[in-house]
Amino acid sequence: MARMIFINLPVKDLERSKAFYEAIGFRNEPKFSNESGAMMVLSDTISVMLLTHDFYSSFHVRPIGDTHKESRVLLCFSCDSREEVDRIIETVAANGGKIDQSPKSEAEPGGPMYGRDFEDPDGHQWEPMWMDPAFAEQGAHPVEEKVEA
């Protein structure tokens, strides 16, 4: 059996968050959804668990951070094309999300990678991205060293 990832996100308004994620292409799985949480399926191996603050808090004692003010995690997922990245971003904007919040944009025309970012209504940061398959085959390349003046 393939390993699965379940990303647990605290949300203030479960119904609003479900509608947002459904609008951008996630599928709700009713078998694992109720008034305290909703399983939103991205792929066969990746799901997002949207959890009310009370339910999320039952898993640990640490306070829930304010993701509108602080970055907690950047969640990146692959897309099949640049056009799919743009479609997702357009849908996010039309459904109450904030788009292109990053100071560094990967939206370079003609480059081997293309990504944009958004925040969901609760401030969780996402980056849909596309990578040219030929570039991906080459594998990782060294990070450029910073030269101090």
Notebook entry, point to check: Restricting to region 39-80, what's the tally of residues that are polar (S, T, N, Q) and closer than 17 Å to D117 by Cβ?
Noted result: 3
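Table: residues versus (1) touching a strand residue (DSSP E or B) at 6+ places or on another chain (Cβ under 6 Å); (2) open to solvent by less than 20 Å² (accessible area, probe 1.4 Å); (3) at pLDDT 95 or above.
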residue: R82; (1), (2), (3): yes, no, no
residue: R87; (1), (2), (3): no, no, yes
residue: A94; (1), (2), (3): no, no, yes
residue: D100; (1), (2), (3): no, no, no
residue: P103; (1), (2), (3): no, no, no
residue: G110; (1), (2), (3): no, no, no
residue: R116; (1), (2), (3): no, no, no
Next item on the list: For region 10-39, enumerate the residues that are among the hydrophobic types (A, V, I, L, M, F, W, C) and farther than 22 Å from E84 by Cβ.
Entry: V11, L14, F32, A38, M39
Notebook entry, point to check: Mind checking which residues of region 1-42 are β-branched (V, I, T) and open to solvent by less than 30 Å² (accessible area, probe 1.4 Å)?
Noted result: V11, I24, V41
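The values are calculated or read from the model by the stated rules, or taken from the named source; none is laboratory data. None of these values were measured; they are calculated from a predicted model. Neighbour counts run over all protein chains shown; Cβ positions are idealised from the backbone, glycine included. In case anyone asks, the SASA skips ligands and DNA or RNA and just uses the protein heavy atoms, side chains included. Shrake-Rupley method; radii C 1.70, N 1.55, O 1.52, S 1.80 Å.
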